[in-house]
Structures are given as structure tokens and as C-alpha cells.
Amino acid sequence: MAACIDRSWTVGHHAMIQAGTGTGKSLGYLVPAVATLCQATDQAQVVVATATLALQTQLANKDLPTVLAAADDLDLPAISWSVLKGAANYICLLKTRDAPLDPSELQPSLTDVNPDPAQASTSDLGGQVLELRSWAKTMVKQAKIADRDEAPSHSPRAWAQVSVNGRECIGSSCPYVNQCFVMAARERSAKSQLVITNHALVAVEAERGWASLHPEALIIDEAHELESRVTTARTAELRPSAIDRLTRLVKARLTDATLDSLIGAAQRFADALEMTPAGRLQPGEVTQAAGDLRASLRQVISGLGKDDADPHAEQLSSEAQGLFEACERVAALSEDDVVWVAKNQAYGVEVLVAPLSVAQAIRGSILDHQPTVLTSATLALAGSFDAINRSVGLPADGSDADECDRIDVGSPFDYASQGICYIGADLEPPGRDGPTDATLTEVVDLVEASGGHALGLFSSMRAAQLAADHLRSTTSIPVLVQGEGHLPELIRQFLDDGRTCLFGTISLWQGVDAPGSTCHLVIVDRIPFPRPDEPLIRARQDQVSRHGGNGFMQVAASHAALMLAQGTGRLIRSVSDRGVVAILDSRLATARYGRFLLAAMPPLWRTTDRALVLAALRRLNISAAQDQTDHVGGNRDGEASADV
């Protein structure tokens, strides 16, 4: 892999590399990256982008230090490096030092908390916020960057009280710009030779013409996620609640005529949206109302003007600009966009606008900017790179060998002897109402047999919570659920206590590295197809079908295959790992597309024999317990061998 990257960079090619779990692909691309930078005569920069914060943390804390230590042993020159995340991952000094933009964001609990952070309870929201504020002050004094992963223990709600998103961040206009953690992180990265960042920030940088980063080579790890992350970065939401919030906050800053125009347009848009069913939007009252709202928002932006002495005014102007751009896309109903109405409990009714395709955007603004390495354990579905080629704007048939090198470096694992893939063929096919009683019973029986040591990958947070609640009510096995705390902290707890289980959704399907006895069992509750009524997926399938392809297989089934390959890849992480992947969806054994999905997964030994699987898990549990006893007693002569 390293040799392929080195050759590709030498001739200015892209490289597309499938590297199975355990091949050490992080080292495979970091070694040529560091070697290239050590030999560079100017301030060259290599950017590494991942899909998840978990992998960013792994690269920064484990993999890159390993490579840099090796380079030092070889007396190679030191290189500078940094980690760059989105604005929401750093504490905002404007929000913690001044009153928030929206007074309603002040938490009443803060007034009832002891003002001494050392005595404030860390179990309540106010106590956590005070502790985060105190920590931010310390970071300023020490000239360090207040990164969320280094923060005191906190809940997502507490972090929301001290941070802002990229749209709300006003950058150089902030009165605290000289101490701003976000600006410090960006400035440090601009000067670094190697930058570890994420797909979303690469998408933003590319759209802005690479204003902050200047990579001479780009590495996209977890590249199977690139299309999804770029799509998300280019998706806009238009919610009546957001318009109402803006109206309330700009009320005292506008003329009566401008304010009345905004209020009237906002009400007409909300009324039209309320009468529109969920689904793909057609020309009509909503698009007309969005056009009227766009005109009113233009007046708002003009009325707010620019006042360098009033940072809140700039925040409001930025919010208004975002809503204006969303209105413009909704009113236009471009054939290049998919526009739909969605109704959910969190946001109420809203309109979403997403690009039908981002392939040419990826090709034009990312790949054409510099030689790019695209790598993942799941690039070649059933042995073919066609899907990833299409998603990034390269020829589907791979006929561009003169500009892109493609290889599969394989895997060091003997999957068939190291693990079992159990398919719950006797279970009823899953429905929309969540896991059945039989599925919940199956989860408990599997986890009890394994003595914990389980990672649960679920199709929804509701399913994960139901499974966790059922497990807690019937066993004493500890289980953590995504959302009960900061995810990196939950993962650390899962890794530190081998008996503990961790249940969650999409964030756990990739980037979780749990080798050894930490994870004997990976549970997948259902095939991870996208929702069939999801408008963007449906539009992309229809587009494939119009061009003579199989929309379901190219879009929905390919998505499910990638997710299954990633999720089941959490099990075997080293040559000594043993365990079971349990897929509780009988369609994998009965449906015609089952073979395609199975071909994308690691080639574990497959069975539908429930008794055999439970017995294997019990043996693994006994072996893990004995291994722990030997380790504690000092009698461990070597790695325990657990014959699945």
C-alpha cells in the first residue's frame, strides 16, 4: 500500500486502495506521507481526512506518533502536524464570556448552582457548564486549544451551551479573535505540514477554494463515506422555527416595514408548509412562499448591515444569509437538487434541499486539486470498484488507469477460522415497528452467552434503547447506549471494561477498534438499507433507472453492503481475535440480494445454527475469563487460544 501511494504521488496519480481491517492502512498512508514531508524542501502540506472523530483521535494519539517515532529513529527531520475539527468541537469564548445571541439559551439551572466550579455538581447541567467555562479559562491562560475531546466530563446539552456551529462562528470579526480556539486551530493547521481533519471540513474547504488548507497531496480514509459527507455539507434546511427565532432576535434592529414584511412572509411560508404532506416537493404554494420569504430576508440582510463593534449583528446576518440561500434553492426547484418536506418530533415540519449528485463536485473541487488517495476496508463491493468510481466522478469501469491506480491489498486475517457469521434465519423479517420480542430475546441470549463483550449496531436509536432496556431488565450485564454521554468517552468505557456492552447506531458502525476480549460479539439488528421512502435515495435510484441501470442495487443495496462490511468488520481486529457476528435479519438468508450483501462482508464462517453459536460464545466467555485470571495471577505465558 505504501509503495503504491509513493508511486502514485511520484507521477501525480490518484490511488484507490482497498485495505482490509488489520492491514494497518493508517500506517500504510502515514509512512509515505511523513517520508515525503521529511524530504520536502519547501512548506509542503499533506492533509489526511477521515469520516469520524474516533479515527481522527486514533490517528493523532496512536498511529501518527508511532510513525514519527520511527522517523526520529532514522534521524529524519521533524515535521509539524495538527488536528483540525469543525467549529462546534471547540469552546466559543463569545458565548461563554458574553450573553448568548439568543437569551432563551440561558439555562435557568445556572442560577441555582454554586458559583465555585470546584463545588458544583457534575451530574447537573449547570454544574457541567460551569466546569466547562472554568476549563476554558485555564486553556486560555495556558495558550492551549479547548478541544471537546480533552474537556471535563459533560453531556451533549452542556456542550451546546458553550459552543457554536460553523454558521454562527463569526471568525475574525469576533472581539475575542486573538484568543479564539477555532481561529487558533485553523491558523496552526495552515502552518502545519501534516493536518488530520475530516471529510466535512474538506468539503467546506473545497467549496471555498481551499482558503485555509493547501494540500499538495490529500488522503481520504474511510473513503466509502465521502459521497455522504459531501452531500450533507451541501444540504440546506429551511424550518419555520429557525425563521421565527431569527425574527425574534432581529426585532429591535429593523425598521417596522422590514420586520412586518419578514413576519408576514414567515407566516405564509409556515402555513403553506403545514398544509403540505411529507415527501418530494412540487411547484406550488410552498415554493411561492419560499420565494416571497427570500425577498424579505434580502431586506433583513440589508437592514442589519455590518457593524464590526457588534458581533451579534454579524451572527444574525450570517443566519439570515443561510436562510436566504435555502429559500433560493427551494424556490428554484432545480433539477440538480432534491427538495422535500419532512416532519419529525425534533424540528417539526421543515424543507430540506440536497444535491441529486455530488460526483462532479468531488471530482472538480477535490480530486482535481491535488493527487488524492482514497482508501477504506470497503471500496470494492463484491470485488468491483465501480460504485466508488461513480460516487467520486471517475469512470465507472475504471478505464482511467493513466490517472488513477487501483489495488486491493487484502487482509492478514483467516476470517473463516477466526469468526462466525450467524444469520437469524428463523426470525421474522424486521418491520417498521422496531425489534420484535423474539429479536430482543435473541439479543439477550447472545449477550448472556458471551458474558457481555458485545457491540450492538442498530438501525435506529429507538431500537438500540429498547434492546438496552431489555438487557438491563433481564441481566446484570452493564450496557452503555449512544447518547447517554459523549461518544468518545463511552467508547473508552467500553474498551476499559471487557464485560461492558455498547449499543448505538451509525457512529458505531465504523471507527471503533476493539481488539481482543473487549468484543466477542457484534450484533446487527437488521440489514442497514436506507429508508425506501427517503426522497434523496429514491431520487438517486430513479436517476439510475432512467439511465438503464438497476437503481435498487446501485444505490440502496450498495449502501447496505458498505454498511454491513463496515459493521461486521468491527469483530476481527487482530490475528488472535475470535468471535461472532450475529445478523438478526432473516432476509440475508432468503432474499435474492443476500448473496451480493454477503459477498461484500468479511468471509466469516456462516451458519444459521443458533445452538452452535451460543455454545461457541460460551466457550469464548470461559476462555476470556481464564485469560483474565491468568493475567492477574501472573501466569500468562502467551495469548489465549479460543477455538470458535
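The values are calculated or read from the model by the stated rules, or taken from the named source; none is laboratory data. All values reported here derive from a predicted model rather than from experimental measurement. Counting neighbours? That spans all protein chains shown, and the Cβs are built from the backbone with ideal geometry, glycine included.
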PHE181 versus (1) more than 18 Å from LEU59 (Cα to Cα); (2) assigned by TED's automatic domain parsing to the domain that holds GLY12: which is the lone unmet condition? (2)
Go through segment 179-227 residue by residue and tally those that are aromatic (Phe, Trp, Tyr) and touching a Phe, Trp or Tyr at 6+ places or on another chain (Cβ under 6 Å). 1
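Looking at LEU132, LEU125, which is the one that is modelled with pLDDT under 90 and under 25 Å from GLY166 (Cβ atoms)? Reasoning before the result, please.
Numbers: LEU132 fails: modelled with pLDDT under 90.
On inspection, the qualifying residue turns out to be LEU125.
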Filtering segment 346-390 for residues that are closer than 22 Å to PRO215 by Cα and hydroxyl-bearing (Ser, Thr, Tyr) leaves a count of 4
Any residue that is loosely packed, with under 14 Cβ neighbours inside 10 Å, among the hydroxyl-bearing types (Ser, Thr, Tyr) and modelled with pLDDT under 95 - is there at least one of those in segment 296-318? yes
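For segment 216-252, how many residues meet the condition of being among the β-branched types (Val, Ile, Thr) and surrounded by 23 or more Cβ atoms within 10 Å (Cβ to Cβ)? Even if it seems obvious, please write down each step before you answer.
As a first pass, look at segment 216-252 and keep what is among the β-branched types (Val, Ile, Thr): 219-220, 230-232, 235, 243, 247, 250.
Imposing the further condition that a residue be surrounded by 23 or more Cβ atoms within 10 Å (Cβ to Cβ) reduces the set to 219-220, 230, 243.
Looking only at that region, the number is 4.
Could you say which residue among THR41, THR57 is of a type outside the set (D, E, K, R), part of a loop (DSSP other than H, G, I, E, B) and either within 21 Å of GLU403 (Cβ to Cβ) or assigned by TED's automatic domain parsing to the domain that holds ILE366 (or both)? Spell out how you get there, then give the answer.
On the way: THR57 fails: part of a loop (DSSP other than H, G, I, E, B).
The match here is THR41.
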Among all residue pairs at least 6 apart or on different chains, which show Cβ distances below 9 Å where the first residue, located in segment 144-173, is free of Cβ contacts under 8 Å to residues at least 12 places away in the same chain and the second is part of a loop (DSSP other than H, G, I, E, B) and buried (at least 20 other Cβ atoms within 10 Å of the Cβ)? SER172/CYS180
In segment 270-293, which residue that is under 17 Å from CYS327 (Cβ atoms) and of a type in the set (A, V, I, L, M) is surrounded by the most Cβ atoms within 10 Å (Cβ to Cβ)? LEU293
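Working only within segment 180-212, note down all residues that are of a type outside the set (S, T, N, Q), part of a loop (DSSP other than H, G, I, E, B) and over 22 Å from ILE91 (Cα atoms). Step through it out loud before you land on a result.
Looking only at segment 180-212, we keep the residues that are of a type outside the set (S, T, N, Q), and these are 180-188, 190-191, 194-196, 199-211.
Applying the additional criterion that residues be part of a loop (DSSP other than H, G, I, E, B) yields 180, 208-211.
Within segment 180-212, ARG208, GLY209, TRP210, ALA211 qualify.
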Only residues that are more than 14 Å from GLN360 (Cα to Cα) and of a type outside the set (Val, Ile, Thr): list them for segment 374-393, please. LEU374, SER376, ALA377, LEU379, ALA380, LEU381, ALA382, GLY383, SER384, PHE385, ASP386, ALA387
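Among the residues in segment 153-175, are any part of a helix (DSSP H, G or I), in contact with a helix residue (DSSP H, G or I) (Cβ under 8 Å, 6 or more places away or on another chain) and on the phi > 0 side of the Ramachandran plot?
From segment 153-175, those part of a helix (DSSP H, G or I) are 156-160, 171-173; that's our starting set.
If we keep only those that are in contact with a helix residue (DSSP H, G or I) (Cβ under 8 Å, 6 or more places away or on another chain) too, we end up with 157-159, 171-173.
Still in the running and on the phi > 0 side of the Ramachandran plot: 171.
Yes, segment 153-175 has at least one match.
Look at LEU213 and say whether it is of a type outside the set (Phe, Trp, Tyr), modelled with pLDDT of 95 or more and buried (at least 19 other Cβ atoms within 10 Å of the Cβ).
On the way: of a type outside the set (Phe, Trp, Tyr): yes; modelled with pLDDT of 95 or more: no; buried (at least 19 other Cβ atoms within 10 Å of the Cβ): yes.
No; evaluated as a whole, the condition is false for this residue.
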What residue, among those in segment 326-351 that are surrounded by 15 or more Cβ atoms within 10 Å (Cβ to Cβ) and charged (D, E, K, R), is farthest from ALA265 (Cα to Cα)? ASP337
Just one listed residue, out of GLN18, GLN45, is at pLDDT 90 or above and farther than 27 Å from TRP210 by Cβ, and it is GLN18
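Output yes when any residue across segment 328-338 is under 17 Å from ARG538 (Cβ atoms) and either outside the structural domain of SER241 (by TED's automatic domain parsing) or part of a strand (DSSP E or B) (or both), and no when none is. Step through it out loud before you land on a result.
First, the residues of segment 328-338 that are under 17 Å from ARG538 (Cβ atoms): 333, 335-338.
Checking the rest, the ones that are also either outside the structural domain of SER241 (by TED's automatic domain parsing) or part of a strand (DSSP E or B) (or both) come to 337-338.
The answer is yes; a qualifying residue exists.
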Condition (residue is out of contact with any helix residue (DSSP H, G or I) (no Cβ under 9 Å at 6 or more places or on another chain), modelled with pLDDT under 95, part of a loop (DSSP other than H, G, I, E, B) and closer than 28 Å to LEU201 by Cα) applied to segment 408-427: is it met by at least one residue? no
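Under the condition of being among the aromatic types (Phe, Trp, Tyr) and within 24 Å of the chain's Cα centre (by Cα), which residue from segment 319-354 is modelled with the highest pLDDT? Reasoning before the result, please.
The first filter runs over segment 319-354 and keeps only residues among the aromatic types (Phe, Trp, Tyr), leaving 324, 340, 347.
Filter once more, so that each one left must be within 24 Å of the chain's Cα centre (by Cα): 340, 347.
Working: TRP340: 96, TYR347: 75.
Filtering segment 319-354 for residues that are among the aromatic types (Phe, Trp, Tyr) and within 24 Å of the chain's Cα centre (by Cα), the one modelled with the highest pLDDT comes out as TRP340.
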Checking VAL164 against (1) crowded, with 22+ Cβ neighbours inside 10 Å; (2) among the β-branched types (Val, Ile, Thr); (3) outside the structural domain of LEU68 (by TED's automatic domain parsing), which single condition isn't satisfied? (1)
Could you please find all residues in segment 365-392 being surrounded by fewer than 19 Cβ atoms within 10 Å (Cβ to Cβ), part of a loop (DSSP other than H, G, I, E, B) and at pLDDT 90 or above? GLN370
Residue pairs, Cβ under 8 Å, 6 or more apart or interchain, first in segment 364-392 and among the charged types (D, E, K, R), second crowded, with 19+ Cβ neighbours inside 10 Å. List them. ARG390/GLN554
Name the residue that is surrounded by the fewest Cβ atoms within 10 Å (Cβ to Cβ), counting only residues in segment 255-269 that are under 17 Å from SER241 (Cβ atoms) and not polar (S, T, N, Q). ILE263
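Results for (1) within 20 Å of LYS306 (Cβ to Cβ); (2) polar (S, T, N, Q), shown as yes or no for each residue.
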residue: GLY171; (1), (2): yes, no
residue: PHE181; (1), (2): no, no
residue: LYS191; (1), (2): no, no
residue: VAL195; (1), (2): no, no
residue: ASN198; (1), (2): no, yes
residue: LEU201; (1), (2): no, no
residue: ALA206; (1), (2): no, no
